[in-house]
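Structure first, commentary second.
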Amino acid sequence: MPRQEIIRKARQDKRAGKSASTQAGEFVKDEIDRIRKGKHGARSTKQAIAIGLSEARRAGVDLPPPRKGSTKKSTRRSARYAYEVGQGKRTAKRRPKVSRAVEGVLKKEPRSTASRSALSKQAKRAASRRTAASRSAAARKASHTKGSKVRSAAAKKAARTRARRRS
């Protein structure tokens, strides 16, 4: 179960008009932090992200399950169940034995999947699958919901990285 602080941050994002994936990002970030602290590991960066998204769905973030063709059937079913729990359409069946087994397996998995380089590789791979127009539209929407202070900081950072690339 995610910490109350994370749920609060996600709700704050929702009030600010940010997308469901941004709200879910709070849960993914928390999962990455848990792995970095050594609470457990993950087989891959994708798995760490999937755990975070599942927790987001269960906590009530309006993040529908993936469409047919993009993921396997069992993943879609799992996501649908998590989504229904979050939307109050289904009560979660508590399965302590399964929960303990999963935790035991995750404890044996590597922690390096949450490293900066692993996350960077995953982000680049995910971005490369999207069209330039889609990436641009996402950036445009993000700039609307950022607020002037954060937008100014982002612009300054962009200018710094441009200056660094030139030299």
Return the residue satisfying two criteria in turn: it lies in the stretch 20-68 and is basic (Lys, Arg) and over 18 Å from residue 104 (Cα atoms), and of such residues it is surrounded by the most Cβ atoms within 10 Å (Cβ to Cβ).
57
Per the list (1) within 28 Å of residue 4 (Cβ to Cβ); (2) part of a helix (DSSP H, G or I), residue check on residue 60 breaks on (2)
Would you check if there is a residue in the stretch 60-69 being among the charged types (D, E, K, R) and touching a residue at least 40 places away in the same chain (Cβ under 8 Å)?
yes
Filter pass, residue 33 being assigned to a helix (DSSP H, G or I), within 24 Å of residue 7 (Cβ to Cβ) and not small (Gly, Ala, Ser)
yes
Residue in the stretch 109-136 that is most open to solvent (accessible area, probe 1.4 Å), counting only those that are more than 22 Å from residue 30 (Cβ to Cβ) and outside any helix (DSSP H, G or I)
129
Can you say whether residue 155 is among the aliphatic types (A, V, I, L, M) and either assigned to a loop (DSSP other than H, G, I, E, B) or exposed (fewer than 10 other Cβ atoms within 10 Å of the Cβ) (or both), as far as the supplied structure shows?
no
Residue by residue through the stretch 122-147, note down the ones that are among the basic types (Lys, Arg) and under 16 Å from residue 14 (Cα atoms).
141, 146
Which residue, of 167, 112, 99, 143, is at pLDDT 95 or above and of a type in the set (Gly, Ala, Ser)?
112
Can you report the number of residues in the stretch 7-44 which are hydrophobic (A, V, I, L, M, F, W, C) and without any contact (Cβ under 8 Å) to a residue 40 or more places away in the chain?
3
Of the residues in the stretch 138-151, those that are open to solvent by less than 50 Å² (accessible area, probe 1.4 Å) and either in a helix (DSSP H, G or I) or among the basic types (Lys, Arg) (or both) come to 138, 142, 143, 145
Quick count over the stretch 10-19, residues being assigned to a helix (DSSP H, G or I) and open to solvent by 60 Å² or more (accessible area, probe 1.4 Å), is 4
Any idea how many residues of the stretch 86-108 are of a type outside the set (Val, Ile, Thr) and assigned to a loop (DSSP other than H, G, I, E, B)?
9
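The values are calculated or read from the model by the stated rules, or taken from the named source; none is laboratory data. This structure is a prediction, so every number in the text was calculated from the model and none was measured. Cβ coordinates were reconstructed from backbone atoms using ideal geometry, including for glycine residues, and neighbour counts include every protein chain displayed. Please note that ligands, DNA and RNA were not included when accessible areas were found on the heavy atoms of the full protein model with its side chains. Shrake-Rupley method; radii C 1.70, N 1.55, O 1.52, S 1.80 Å.
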